[in-house]
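Novice: My questions will all concern the structure given below.
The values are calculated or read from the model by the stated rules, or taken from the named source; none is laboratory data. Note that this is a predicted model, so its numbers are computed, not measured. As a convention, Cβ positions derive from the backbone with ideal geometry for all residues, glycine included, and neighbour counts pool all protein chains shown.
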Amino acid sequence: MENNIVPLDIDESFTFSCSRKVPCFNECCRDLNQFLTPYDILRLKNFLNMTSGDFLEKYTTLHNGPETGLPVISLVSGNSPRLQCPFVTPDGCRVYTDRPSSCRMYPIARALTHSRETGRSTEHYALIKEPHCLGFDQNKTRTVREWLATQGLEPYNRYNDLLMEIISLKNRQKPGPLDMKSGRLFYLALYDLDSFRTAVFENNLLKDQPFDSGELASARKDDTALLMVGIKWVKKVLFGDK
Ligand code: SF4
Ligand code: SF4
């Protein structure tokens, strides 16, 4: 049976519930093709009390998009024949409070479109009904807006939208595959935050860049502030943002 995709407005309702009581419990946490965003990695590595470098080495694979040359980071599958997520346990997700955005969003998908004429972005939502998921048979109804709020998606969507902005800027300013050096700097500043912090504060990577002392003082201690510095730096230095 194929997936059924149903477009929804943000205030439209859908019926779905997931808990340990569903017969398909944990079925969605295997055979994944799961991309991780910079904010997903920030949250996961801090939850697991790991450096970004150790997290990336242990839990992710990297390839470069054939058309853009941009790094694409995916979660590794476990060694079992079921190709389970490395974070799934018989009791559920062991990183639940800091699980990636795609896990939070499911069974809703979100896309953002941007109008060049008005400069405005519009969010689009759809319900993805997969045959193995029995959550749609449960008797719980809510709107997409309520779902986003209960899944803690606000910061994920905010930072993920900034990544989409960078990709769109890159496609305008440097269409085609990115060179390897730029790809490595993109990865460093957005995904390997602890190494980026060392490069910034010990190796003077941002020399002559217009960051104010307050921004840098926050970035020294706080990963989300550092990610914002990384985003600005990538936009300006790699893709010529004014
Ligand atoms: S991170 Fe958690 S919710 Fe997401 S696939 Fe892995 S175990 Fe499942
Ligand atoms: S109801 Fe759906 S989301 Fe929940 S465990 Fe089953 S397959 Fe996964």
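Novice: Tell me the strands (runs of 3 or more DSSP E) entirely within the range 1-88 that contain at least 3 residues that are away from ligand 2 (no atom under 16 Å from the Cβ).
Specialist: The strands (runs of 3 or more DSSP E) meeting that bar are 60-64, 71-75.
Novice: Still on this structure, I have one more. Got a number for residues in the range 101-111 being within 14 Å of ligand 2 (Cβ to nearest atom) and either in contact with a strand residue (DSSP E or B) (Cβ under 8 Å, 6 or more places away or on another chain) or assigned to a loop (DSSP other than H, G, I, E, B) (or both)?
Specialist: Matching residues across the range 101-111 total 6.
Novice: Of 25, 35, 14, which residue is more than 29 Å from residue 163 (Cα to Cα), touching a residue at least 40 places away in the same chain (Cβ under 8 Å) and in contact with a strand residue (DSSP E or B) (Cβ under 8 Å, 6 or more places away or on another chain)?
Specialist: Exactly one residue qualifies, and that residue is 25.
Novice: Could you say whether any residue in the range 171-189 is within 16 Å of ligand 2 (Cβ to nearest atom), in a helix (DSSP H, G or I) and out of contact with any Cys (no Cβ under 8 Å at 6 or more places or on another chain)?
Specialist: No, that holds for no residue.
Novice: Next question, about the same structure. Quick test for you: out of 6, 88, 22, pick the one residue that is in contact with a Cys (Cβ under 6 Å, 6 or more places away or on another chain) and more than 30 Å from residue 183 (Cβ to Cβ).
Specialist: After ruling out the rest, the residue left standing is 88.
Let's see how each residue does on (1) within 30 Å of residue 20 (Cα to Cα); (2) surrounded by 14 or more Cβ atoms within 10 Å (Cβ to Cβ); (3) polar (S, T, N, Q):
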residue: 108; (1), (2), (3): yes, yes, no
residue: 112; (1), (2), (3): no, yes, no
residue: 120; (1), (2), (3): no, no, no
residue: 130; (1), (2), (3): yes, yes, no
residue: 137; (1), (2), (3): yes, no, no
residue: 144; (1), (2), (3): yes, yes, no
residue: 154; (1), (2), (3): yes, no, no
residue: 169; (1), (2), (3): no, yes, no
residue: 174; (1), (2), (3): no, yes, no
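Novice: Right, another one. Please state which of the following conditions residue 234 fails to meet, knowing it meets all the rest: (1) at pLDDT below 95; (2) closer than 21 Å to residue 155 by Cα; (3) not small (Gly, Ala, Ser).
Specialist: (1)
Novice: Does residue 172 satisfy the condition of being farther than 29 Å from residue 52 by Cα, more than 16 Å from ligand 1 (Cβ to nearest atom) and charged (D, E, K, R)?
Specialist: yes
Novice: Any residue in the range 55-82 that is closer than 16 Å to residue 40 by Cα and touching a residue at least 60 places away in the same chain (Cβ under 8 Å) sitting within a Cβ distance under 7 Å of a residue that is in a loop (DSSP other than H, G, I, E, B) and not aromatic (Phe, Trp, Tyr)? List the pairs, counting only those 6 or more apart or interchain.
Specialist: So the pair list comes out as 56/192; 73/36.
Novice: Quick check on my filter: what residues within the range 176-217 are buried (at least 17 other Cβ atoms within 10 Å of the Cβ) and aromatic (Phe, Trp, Tyr)?
Specialist: Scanning the range 176-217 gives 186, 187, 191, 196.
Novice: Right, something else. Quick check: is even one residue across the range 138-155 in contact with a Phe, Trp or Tyr (Cβ under 6 Å, 6 or more places away or on another chain), modelled with pLDDT under 95 and more than 14 Å from ligand 1 (Cβ to nearest atom)?
Specialist: Within the range 138-155 (the criterion being in contact with a Phe, Trp or Tyr (Cβ under 6 Å, 6 or more places away or on another chain), modelled with pLDDT under 95 and more than 14 Å from ligand 1 (Cβ to nearest atom)), the answer is no, since none of the residues qualifies.
Novice: Take residue 93 and tell me if it is within 16 Å of ligand 2 (Cβ to nearest atom) and either surrounded by 17 or more Cβ atoms within 10 Å (Cβ to Cβ) or over 18 Å from the mean Cα position of the chain (by Cα) (or both).
Specialist: So residue 93 does not fit the description; no.
Novice: Taking residue 26 as the residue in question, decide whether it is surrounded by 15 or more Cβ atoms within 10 Å (Cβ to Cβ), more than 21 Å from residue 157 (Cβ to Cβ) and of a type in the set (S, T, N, Q).
Specialist: Yes: the conditions hold for residue 26.
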